Structure formats: structure tokens, C-alpha cells
1. Quick check: anything in segment 251-260 of a type in the set (A, V, I, L, M, F, W, C), touching a Pro at 6+ places or on another chain (Cβ under 8 Å) and either surrounded by 15 or more Cβ atoms within 10 Å (Cβ to Cβ) or within 19 Å of residue 289 (Cβ to Cβ) (or both)?
2. State all residues of segment 264-287 that are closer than 18 Å to residue 138 by Cβ and surrounded by 16 or more Cβ atoms within 10 Å (Cβ to Cβ); if no residue qualifies, say none.
3. Here are some conditions: (1) outside any strand (DSSP E or B); (2) of a type in the set (Ser, Thr, Tyr); (3) within 29 Å of the chain's Cα centre (by Cα). Residue 185 meets all but one. Which one does it not meet?
4. Would you mind listing the strands (runs of 3 or more DSSP E) fully within segment 45-90 where at least 1 residues are at pLDDT 80 or above and open to solvent by less than 80 Å² (accessible area, probe 1.4 Å)?
5. Mind checking which pairs have a first residue in segment 390-413 that is in contact (Cβ under 8 Å) with a residue 12 or more places away in the chain and a second that is acidic (Asp, Glu) and open to solvent by less than 60 Å² (accessible area, probe 1.4 Å), Cβ under 6 Å, 6 or more apart or different chains?
6. Do we find that residue 312 is open to solvent by 70 Å² or more (accessible area, probe 1.4 Å) and either among the hydrophobic types (A, V, I, L, M, F, W, C) or in a helix (DSSP H, G or I) (or both) in this structure?
7. Would you call residue 412 at pLDDT 55 or above and assigned to a helix (DSSP H, G or I)?
8. All but one of (1) open to solvent by 50 Å² or more (accessible area, probe 1.4 Å); (2) of a type outside the set (Phe, Trp, Tyr); (3) over 30 Å from residue 26 (Cβ atoms); (4) in contact (Cβ under 8 Å) with a residue 60 or more places away in the chain hold for residue 175, so report the exception by its number.
Amino acid sequence: MSNNFFEALHQIATDKGITREEIEGIVESAMLSAFKKQYGAVENVKVAFDRDKNTVTVITKKMVVKKPTYPAEEIAYDKALKIRKDVNLGDEIYVEENPFDSFGRIAAQTAKQVIIQKIKEAEKNIVYNEYSGREGELINGYLQRRTKDNLFIDLGRTEGLLPLREQNPLERYKIGDRVKALILSVQKSAKGPDVILSRAHPKFVEKLFEMEIPEIYDGIVNIVKIVREPGLRTKVSVTSDRDDVDSVGACVGMKGIRIQSIVRELEGEKIDVVAYYEDKKIMAANALTPAKVKEIILTSGGGVIAVVDNDQYSLAVGRSGHNVRLASRLCGFDIDIKTEENYQAFLGSSESRSIVEKLFTTDDMEETPLEELVDLEPRIVKILEKAGIFSVEDLVERSFEDLMKIEGIGEKTAQRILEILADAVDFEEGGESKDFDDSSEEDHV
């Protein structure tokens, strides 16, 4: 095969980032396809590369016959003698084929199409492998074109897609403007890899923090959670394992210089950086910044009520409720905002009484063991526990008749148990009382 042809292929491969081995595989596939197109079979064909001479040769294995019937598998005896002088009829020899001479126009066109197709596929795979390994990274590009909703970003080797759902509604771009975005995902398609970009994802803000704040990049300050409503507000909770590091101060920077560079990248979107605490009350108060909270009350449903002054109510709720909504997402539980007047009215409502009842039900109270009744003999404690009574609270719910039904407890012991219980918890047994004299029958234990 022509040296110039092979060199041209290598030049194309170099320009597109395809390796020498890949381009040789492409040529081999093209030659085999062309040979099959010409002769209908490829079982006896192989493609040999001479890297020193920068050439490729098609070699076929053929049987020596007087008069060939199948040119792809047989060779005439007189032609075989020119290749090997000691050849005999019936021998099999290897014959070097010149593709330019052996292939017809259709076969040559097939080879060309295979080469073009394989090079395009290899280029797509290279681009896909390059960008799929970079998901979650920031990348810079330039706005190349736009449709009604989508922006197409020139990334150099390929084109990135910034769909409407991943755009910041505050931002406006012109053709040629620089665009920094997060590589959200890379998907294979018939036209090549689709590189989906985002400027609305919370991960985009996280990467900006890593880029602008050395303490986060080095792991001294850790981002616990980011919640965001693009164009309105972002809330970030941070913490640090080091006592000498102010996690919030490190993110904000001197006179807010660090956080301002991130705000500028987000076209003025507000960012609240708050310290993370496991304590629900402290965390809820922090999350509602910039509003100032007077009091946080825990509710039975796992959420909290935040009490604020009248002039702080609108700030705590935010435009269309976005501030309290983001605060709830940041904390992981519901936050209900109330002014002092609303909270006082709430305390008198049936809803508040229900909450109080749930908070103080006996199911949630810690039970008192029977051993706390010091006058109760150990043997009586064992009898009660055997009957399924393990706490003072359980014992309070049992009547005199209930105690009498327990094996090992007689009238005197039942009365004694109730007297000890009454002394300990100021309990008075309801119902008709019954007197017993000392001559009653002793308890059978």
C-alpha cells in the first residue's frame, strides 16, 4: 500500500488523538471489509503491518491449482512459481496482495467508508472517555450558539449542552461570552458524547467554594450540606474539626472578599454560610439567617417552631417563603415561623395542646424500676416481675384485685404493696377500701 496513504492516516490519527494501534486496527478492519466485498470471504486473509517501512500489506493463503475457480482461495500454478520456485500442485502458499490492484471500485469505496466511520467512532470514544472521567469538575468554555432554551458551549474538543433547567435565571449571555460550568453528566449518543453542563446544581457552588477557599480545598473546613434555589439564595452549612479555625469566617474572608468572588460568579445570588451544629435549636436558628430568632421550640413531629419579632418575620420567611424553605432543607426537618403574638395564640389552640400531650405521654417518659420502692422486699419484687410488672408505673395501674390474682401474693401482701406505693408516689387507691386484721390467713409463697 502507498506510503503516502498510510502516512496520511497516521497524520489524521495524530490530529484527532487516536493511537497508532487504533489506526492500524481501523486500516485492518477496512482491508478485510473490502476483501470480503470483492471476493466474499475473509477466512484466509490477514493484514500485516511493517512499521519500519510504514506500509500495510494484505496477505492471503491460497491453494496452487492448474486453473483457479475461486480467485480468493486459489492461485494458478504458473503464478505460484513466481512466488516460490519449489511449489507443487495442491500446496498452500501465502500471497501478498496489492489492495490498489486487487480491489475493484466498489471494494475500494467500502474500505474508504469503513476507515472514515471507524475514525469517527474512535474520536467519539476518546472524547467520551475524556469527559466521562471528569464528571463533577468545573470547566470553562465559550457560548457558541443558542436555541430557544438551551445554550451550546464550545469546550474545545467537543460541544457542551447547558439546558434551561441547569441555568441560573439571573444570567444572560451573548455569543462568545466565557462560561464556567459544572460537568454534570456525559452520555453516549449516535452523534457523539453529550456533555451536560450545569450552573444551577448545588455541586457547582461546592466547586466554587473549593476553588476560592483554600481551607475547604485542603479539608480544614468541611461543607456539610448545600441547598439552593438558583437566582434567589444558597445556604451552606460548614464545620471544622479544628477548634482554632472559624469555619464561617474562613469562607467569608476578610471583609467578605472570598464570598464576594463567588457571589459575582453567581451574578449576585445571595449566599448564607452558617456553622453546622447537631443541636436542632442552634442549627435552626443559624439556618434562618439573616433573620434573628428569639426562641426555638421543639415539636412532637420532629420539627421546630421559630419565634421571631414582627420586624424579622418577613426576613425569616423570605420572598415566596424561600428562606424558611431552604433553612428546612438545610436542617433536614420542618421549621415553622411565628411571631410572638402568633405563638401566644398558638399556645391556647387545640393544636398546641395536642403537641404538649404527645410530648408528655407516658410512652415517652423514663420508667422507674421497682427497686426504687425501698420498703418492697426483694422476694416480692421477683414475684411481681415474674407476673410482668417491671416498673412503678406498671404497678400503679394494677388494682387490689389484680394483685390478688398473682401467684404468691395474698391479701396482706397485696395491701402492703399498695401502702408502700401510696407512700412513695402519694398515691391513694380508688374504690372501696377493705380492712384486714392480723388474724387473716398468711400469704402463701
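1. No, because not a single residue in segment 251-260 is of a type in the set (A, V, I, L, M, F, W, C), touching a Pro at 6+ places or on another chain (Cβ under 8 Å) and either surrounded by 15 or more Cβ atoms within 10 Å (Cβ to Cβ) or within 19 Å of residue 289 (Cβ to Cβ) (or both).
2. Step one: of segment 264-287, the residues closer than 18 Å to residue 138 by Cβ are 264-267, 269, 271.
265, 266, 269, 271, listed by residue number.
3. Among (1) outside any strand (DSSP E or B); (2) of a type in the set (Ser, Thr, Tyr); (3) within 29 Å of the chain's Cα centre (by Cα), the lone unmet condition for residue 185 is (1).
4. Details: elements: 45-50, 55-65, 74-76.
Filter on segment 45-90 gives 55-65, 74-76.
5. What qualifies is 410/443; 412/443; 413/443.
6. Taking the combined requirement at face value, the residue does not satisfy it.
7. In short, yes.
8. (4)
The values are calculated or read from the model by the stated rules, or taken from the named source; none is laboratory data. A quick note: this is a predicted structure, and the numbers were derived from the prediction, not measured. Glycine gets a Cβ as well: all are built from the backbone with ideal geometry, and neighbour counts include every protein chain shown. Surface areas here come from the heavy atoms of the whole protein model, side chains and all, with no ligands, DNA or RNA. Shrake-Rupley method; radii C 1.70, N 1.55, O 1.52, S 1.80 Å.
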